[in-house]
Structure formats: C-alpha cells, structure tokens
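Scroll down for the structure; my scribbles are underneath it.
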Amino acid sequence: MTSKPFNDTFLKACRGEATERVPVWYMRQAGRYQPEYRAIRAKYSFFEMNYIPEVCAEVTRLPVEQLGVDAAILFADIMTPLKPIGVDVNIESGVGPVIGNPITSLADVERLQDLEPETHVPYIMESIKLLREQLSVPLIGFAGAPFTLASYMIEGGPSKHYHKTKAFMYTEPAAWQALMDKLGDMTITYLKAQIKAGAQAVQVFDSWVGALNDEDYREYITPVMTRIFQALKETGVPTIYFGIGAGHLLLDWNRLPVDVVGLDWRTSITTARNMGVTKTLQGNLDPTLLLAPWEKLEAKAKEILDEGTKQPGFIFNLGHGVFPDAKVETLQKLTAFIHSYKRDV
Ligand code: CP3
C-alpha cells in the first residue's frame, strides 16, 4: 500500500514553507457522509470502532483513498481519553457526546484519574503504528482542548450557551483551576504518546472556547494552552489550534507557542491578516457551501486560495467539520480543484 512516494506538502505548509500545490484535508473527513463509513458503523458502536486498530485504520484511510487529501487524521474522538479516566461518556448519533456523571464540584475533579496512555488507550498507539505502515500521507493526531472537554464534562452533553461551564469557572475558581491542570496534563501526555507512536502533526480542537470573551480567555485559558503548546514544542512536531466563533481571540492565539492557527468560516483570511495574525493558517470554507451550487462553492474556494497563498505555507480545510448530508462527489471535485489551483501572479 505504501508504494506511492510520501506526500509531505501538508508538513511543509505547517512549517510555513512554500509548496508546489496547496495541501488540503477536511475536519471530520471520516464520517457518515461516506456510505462505506455507514456500513462499518452499522456493525460497531463509535467507541468499538476506536478499540479495534484494523477498523480504526480502515476508517482513517477511507477519505485519503476516496478524496485524495494530503493528510489523514486519526479516527477517534476528543472524548476518547476521557472514558478511561472516569468520565461516563457515550457518543449518541445525531446528538454527540452525552455524559452520565457531570462534574459539579472539586471532589468530582479529584476523582478523575491521570491518563496513562499505555494502560488506558493502548489501541490508539497501535492504530497509529499500523497507519504509519499503510499511509503515504502524514498522519495527524489530535486531542480536545481543556475548555472544550470541560464544557462537555460540566454540561453533561452538547450545549448552546455553556452557562453551567462558565458559572462553574466564575464560582468555583479552585475547582476550575484543578480541572484545567488535570486536562492540561492529560492533553500533553496523550499527544506526546501519539507523537511517540508516529503522529506527524497534532491538532488541538478548542471548538467551543469562543464562548468566552477575550479577557476571560486570557485569565482562565491562556496559561493552560501556553503550557500545552510549550510542552509539545520539544517534540518538533507541528501543532495546530482550532476553534469556532473565536475570531475575537485570534491575536491571543497568535501569541501562543503554536505553529498553525485554524480559522472557522466567520473570519476571512484577509481579516485575520489585517488584525495582525502572522502564523501559518488553515481553513476556512464554510462547510454549508458543500450543499451550494458548484459555481458558488468554486468561487469561494478560489477566493480562499487567493487570500491564503499570499504568504507561503497555507493549508486548505473547511471552517468546521464535514456533516452527514455532504456528498462524496462534491468533496472529490473540491479536492481536485484545490490541487489544480495556480496563483495568478
Ligand atoms: O476528523 C476526523 O475525521 C477524525 C475524527 C474526529 C471525530 N470527532 C469523529 C466523530 C474528530 C477530529 C472529532 C473531533 C470532535 N468531536 C470535536 C472537535 C471538532 C468539532 O467538530 O468541533 C468535537 C466537538 C467532538 C464531539 C463530538 N463527537 C460531536 C459534536 C459529534 C457529532 C455528533 C453527531 O452525531 O453529529 C461526535 C461524534 C463523532 N465524532 C462522529 C464522528 C465520525 C459521528 C459518530 C457517528 O457515526 O455517529
């Protein structure tokens, strides 16, 4: 399977180097929009798919083979490492993660175990090793960021306004700090284990941190995110930080020791650059455009490519994950379009 030469355009772009074509991958590129995924998912629960390295590797490879993307992302979930440390979490189709024992106090935080990757999630490292033998594109490892994980752990499931999470942060500062410390340690340990097993880049998903204003972000979140990215620096592996509705935090992110900033579709690349964001960017096509007429999708993709390639090292992605009613053919056509793009100089 690895007879193809290794495609390193994604890793070059992460390092801010020029590439002969723009690399592309899609968040949630493995999922229910693929008939092959649905057939496998019909046989296993979400976490069972995680536990069996052959199944995990097969699902991870599906979009690489089907779409021709320039990177694979390990098939798992941001909730995967929480289950073995004492969080009673299940993934409900169409809902998301649902938690049976939400956190309400410092005692609940103290009950969480420290993550020991070799004991708690050995299948993750096995899947990574297997994938490294099979893939001819880089493999991205990932983890959820402390705020986003905490939001599920405190709310008990998906939420719109994160009221319980923010109320806990404001009223139980010691418990909040203990939770951030614990989740920060977990993220570092988990990502270092993925890197040791062979992950060639890592993305930290902070999907819901945009719920905080910039002042609160600086007070409650910047310290733990700085610690995480600083600890990962010593591995030499590129790091990516992504969030949704977080345009007001981009300058704070630009100061973090992270390599690549992932944009959602609300903030254009030009807006981010004009704000003063200097890091390598990844993004940011509104995934809803996958359902729009091709001409509209193509025009927006071209605009993103024109803006993104003004500086060397740009990675095309969606502004959030692929959703179940997207079409495989549309993603194939989009990928081919990105690969054929040449900048008019
Ligand atoms: O990107 C990939 O292809 C890799 C796999 C991946 C999944 N989840 C698989 C998954 C990644 C990187 C994630 C990250 C994730 N999970 C995030 C951060 C990114 C984002 O979307 O904001 C978040 C917030 C979660 C939590 C979560 N897990 C949600 C919101 C859902 C979707 C619920 C639904 O059914 O729509 C899940 C479940 C999930 N994670 C699915 C997949 C393929 C669907 C599972 C199924 O088949 O039912």
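The values are calculated or read from the model by the stated rules, or taken from the named source; none is laboratory data. Source: prediction; values computed, not measured. Ideal geometry is used to build each Cβ from the backbone, glycine not excepted, and the neighbour counts take in all protein chains shown.
Can you tell me which of K43, K4 is away from the ligand (no atom under 13 Å from the Cβ) and either surrounded by fewer than 18 Cβ atoms within 10 Å (Cβ to Cβ) or not in a helix (DSSP H, G or I) (or both)? Walk me through how you get there before you give the answer.
On the way: K43 fails: away from the ligand (no atom under 13 Å from the Cβ).
Being away from the ligand (no atom under 13 Å from the Cβ) and either surrounded by fewer than 18 Cβ atoms within 10 Å (Cβ to Cβ) or not in a helix (DSSP H, G or I) (or both) holds for just one of K43, K4, which is K4.
Only strands (runs of 3 or more DSSP E) wholly contained in region 216-289 count here; list those with 3 or more residues that are touching a helix residue (DSSP H, G or I) at 6+ places or on another chain (Cβ under 9 Å) and either hydroxyl-bearing (S, T, Y) or at pLDDT 95 or above (or both).
Here the list reads 239-242, 280-285.
Just for region 133-149: of the residues that are more than 12 Å from the ligand (Cβ to nearest atom) and touching a Leu at 6+ places or on another chain (Cβ under 6 Å), which one is nearest to V87 (Cα to Cα)? Let's see the steps before the verdict.
Initially, region 133-149 is screened for residues more than 12 Å from the ligand (Cβ to nearest atom), giving 133-138, 146.
Retained after the next criterion (residues that are touching a Leu at 6+ places or on another chain (Cβ under 6 Å)): 138, 146.
On the way: P138: 31, P146: 14 Å.
Result: P146.
A quick yes/no check of all residues on (1) in a helix (DSSP H, G or I); (2) among the acidic types (D, E):
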site: K166; (1), (2): yes, no
site: Y170; (1), (2): yes, no
site: A174; (1), (2): yes, no
site: M180; (1), (2): yes, no
site: D185; (1), (2): yes, yes
site: Y190; (1), (2): yes, no
site: I195; (1), (2): yes, no
site: V202; (1), (2): no, no
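Could you list all residues from region 82-120 that are within 12 Å of the ligand (Cβ to nearest atom) and in a loop (DSSP other than H, G, I, E, B)?
Once the filter is applied, which keeps residues that are within 12 Å of the ligand (Cβ to nearest atom) and in a loop (DSSP other than H, G, I, E, B), region 82-120 yields L82, S93, G94, V95.
Does A18 satisfy being aliphatic (A, V, I, L, M), away from the ligand (no atom under 16 Å from the Cβ) and either outside any helix (DSSP H, G or I) or farther than 21 Å from L318 by Cβ (or both)?
It is true that A18 is aliphatic (A, V, I, L, M), away from the ligand (no atom under 16 Å from the Cβ) and either outside any helix (DSSP H, G or I) or farther than 21 Å from L318 by Cβ (or both).
Condition first: closer than 18 Å to A246 by Cβ and touching a His at 6+ places or on another chain (Cβ under 9 Å). Can you find one or more residues in region 156-168 that meet it?
No, region 156-168 contains no residue that is closer than 18 Å to A246 by Cβ and touching a His at 6+ places or on another chain (Cβ under 9 Å).
Scan region 311-345 for residues that are among the hydrophobic types (A, V, I, L, M, F, W, C), closer than 19 Å to T270 by Cα and buried (at least 16 other Cβ atoms within 10 Å of the Cβ) and jot them down.
Within region 311-345, F314, I315, F316, L318, I338 meet the criteria.
With the requirement that a residue be crowded, with 21+ Cβ neighbours inside 10 Å and either modelled with pLDDT under 95 or part of a helix (DSSP H, G or I) (or both), what does region 121-131 give you?
Passing the criteria: I124, S127, I128, L131.
Is there a residue being within 21 Å of G184 (Cα to Cα) and crowded, with 18+ Cβ neighbours inside 10 Å anywhere in region 47-62? First the steps, then the outcome.
Step one: list which residues in region 47-62 are within 21 Å of G184 (Cα to Cα), which gives none.
Looking for residues that are within 21 Å of G184 (Cα to Cα) and crowded, with 18+ Cβ neighbours inside 10 Å, one finds none in region 47-62, hence no.
I'd like the full set of residues that are near the ligand (Cβ under 10 Å from one of its atoms) and more than 19 Å from P81 (Cβ to Cβ), limited to region 46-66.
L62, P63, listed by residue number.
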